[in-house]
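Structure first, then comments.
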Amino acid sequence: MSFTTPPRPFDVTALFPQLAPLARTATRLHPRPGSPTVHDSSVGGPLLWPADEPWPHCDEPHDRHASPVVHSPDDVRTLRRDLAAATERLRLDPGAPETTPEERENWERIKAGRPWFDGPIPLLPVAQLYARDVPFPCPPDADLLQVLWCPFDHAEYAHPRTVLFWRSAAGVTDVLDAPPEPPVVQSAHYLPEPCLLSPEQVTEYPHPRELDKELRDQLDDFSRWESIDPARYNAYAYDPGELYLNNLSTAPGWKTGGWTRWDPTDPVDRSCPECGTEEVPLLTIASSEWDGGSGTWIAEEDRTTPAPRHPGAEDGNFTLIDIVGGYNLQLHACPADPTHPHIQLIQ
């Protein structure tokens, strides 16, 4: 299924021509639950991983006190399956039982958790992007980006630590059939729901905090918007600054490219640790496809589909990932050489 972002409420460059040369293309990924294969671009799907290449593990220590109760990936999948079944059952028959005996038995068994594990943790697949599907900066000899993470918070991040792998898809002829999985994960929110992608390109403009003060002041000036009936933009925001921030600058949700969204922090240095080149947005790992302030970005198809049939659909969290209570994990790559160390930002 394809997804279509509605046109922006206004042509912001007609009011502020200074923004026109700052336009960038972002590719919204629109992840939706499905059954991806190793040959698909996906979130949380299987990877095209060479059978003769060791699967990566995290050897760093993990804080057992950060999450007193941990679960196995299969526990998480069972709970999600049961919740999806209950959601659909109640959708079809509001008078149906909220839980079945089997679902209650699963919950009682799983809520006790699993024993803590102190050994190396196999990394989890987060995303696989084929260049044929999604444009992103990649090395000359690569057409495939694979993103994995350790499903535990790390002291220097307080969120999962990501690892990037670049490869040529044609060079993988023998695929690893059964990659190892972590025996436990710190949070169910760190196990992505397998999703297929429907890439769509949109135009973005810089977050207000990346604009010079003069232009920021103009964006906040009601008189600069006099050509637009205030009743129209009041439908989208309390003031013009919020209108630009939430509806005219950066798209929410999973995406590649575009501009960095700065919230809650101000812009920080993004110099490549290896060569000093300013790194650019590579992939945004989002907790949701939209929020209360960005409703104009909801795809047309999401506005017209029937009631959601799986957990997370109501609030746009189709991947069931949650980053620090609703934030985004933005990965930045070096445009001079994407194999240089990448930068992670929580915004």
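The values are calculated or read from the model by the stated rules, or taken from the named source; none is laboratory data. Just so it is clear, the structure is predicted and the values come from calculations on it, not from any experiment. With ideal geometry, Cβ positions are generated from the backbone for all residues, glycine too; neighbour counts draw on all protein chains shown. Only protein heavy atoms, including side chains, enter the accessible area calculation; ligands, DNA and RNA are left aside. Shrake-Rupley method; radii C 1.70, N 1.55, O 1.52, S 1.80 Å.
Just add up the charged neighbours of HIS159: K/R +1, D/E -1, any other residue whose Cβ is under 14 Å from the Cβ of HIS159.
-4
Nearest 20 debye, what's the magnitude of the dipole of the stretch 74-195 about its Cα centre given +1 on Lys and Arg Cβ and -1 on Asp and Glu Cβ?
Dipole size: approximately 160 debye.
With just the Cα atoms of the stretch 195-268, tell me how far they stretch along each of the three principal axes, in Å, largest first.
43, 30, 19
Can you sort THR162, THR304, THR87 by solvent-accessible area, 1.4 Å probe, largest first?
Highest to lowest solvent-accessible surface, that is THR304, THR87, THR162.
Would you list LEU219, LEU22 from the most to the least accessible area, probe 1.4 Å?
Final ranking, largest accessible area leading: LEU22, LEU219.
So what does the Cα-only Debye profile of the stretch 258-308 read at q = 0.13, 0.18, 0.20 Å⁻¹, as log10 I(q)/I(0), no solvent term?
-0.52, -0.79, -0.88
Along each of the three principal axes of the Cα atoms of the stretch 143-224, give the extent in whole Å, ordering the values from largest to smallest.
Taking the Cα atoms of the stretch 143-224, the three principal extents are 61, 35, 21 Å.
Could you point to the residue in LEU345, ILE110, GLY241 farthest towards the positive end of the chain's charge dipole, with +1 and -1 charges on the Cβ of Lys/Arg and Asp/Glu respectively?
Farthest towards the positive pole: ILE110.
Given the DSSP H assignment, sum -39500 (n - 2.57) over each helix run of at least 4 residues in the chain and divide by its residue total; what's the result at 222 nm in deg cm²/dmol, nearest 500?
After summing the helix terms and dividing by the residues of the chain, the value is -4000 deg cm²/dmol.
Would you mind getting the accessible area per residue of the stretch 203-275, heavy atoms of the protein chains only, 1.4 Å probe, in Å²?
Per-residue accessible area for the stretch 203-275 comes out at 49 Å².
Please list log₁₀ I(q)/I(0) at q = 0.11, 0.16, 0.21, 0.23 Å⁻¹ for the stretch 4-87, using the Debye equation with identical point scatterers on the alpha-carbon positions.
-0.71, -0.99, -1.21, -1.28
Quick one: net charge around SER67, please, counting Lys, Arg +1 and Asp, Glu -1 for every other residue with C-beta under 15 Å from its C-beta.
Spelling it out: positives minus negatives among the neighbours equals -2.
Taking the Cα centre as origin and putting +1 on Lys and Arg beta-carbons and -1 on Asp and Glu beta-carbons, what dipole magnitude results for the chain, to the nearest 20 debye?
Value, rounded to 20: 480 debye.
When Lys and Arg each count +1 and Asp and Glu each count -1, what net charge do the other residues less than 15 Å away from ASP177, Cβ to Cβ, add up to?
-4
How large is the accessible surface of SER223 in square angstrom, using a 1.4 angstrom probe and rounding to the nearest 10?
So the heavy atoms of SER223 present about 60 Å² to solvent.
Leaving out ligands and nucleic acids, and using a 1.4 Å probe, what accessible area per residue does the stretch 101-157 come to in Å²?
Dividing the accessible area of the stretch 101-157 by its residue count gives 49 Å².
Treat each spin label as a single point 7 Å out from the Cα along the C-beta direction, and report the THR4 to THR203 distance in nm.
1.8
Just the C-alpha atoms of the chain: what Rg/Rh do they give, with Rh taken as the Kirkwood radius?
Here Rg/Rh amounts to 0.98.
What angle do you read, to the nearest 10 degrees and between 0 and 90, between the alpha-carbon axis of helix 73-92 and the longest principal axis of the chain?
Roughly 70 degrees between the two axes.
Counting pairs of alpha carbon atoms under 8 Å apart in space and at least six apart in sequence, what relative contact order in percent does the chain give?
Over the chain, the number comes to 25 percent.
Return one quarter of the surface area of the convex hull spanned by the alpha-carbon atoms of the stretch 8-167, equal to its mean projected area, in nm².
Mean shadow area of the hull around the Cα atoms is 15.9 nm².
Take the alpha-carbon centre of the stretch 15-35, take the same for the stretch 283-299, and report the distance between them in whole Å.
12
Heads up, I need the accessible area for THR296: 1.4 angstrom probe, whole protein in place, Å², nearest 10.
That residue has around 20 Å² of solvent-accessible surface.
Can you pull the percent of the chain's accessible area that's carbon plus sulfur, 1.4 Å probe, other chains left in place?
Carbon and sulfur atoms account for 52 percent of the accessible area of the chain.
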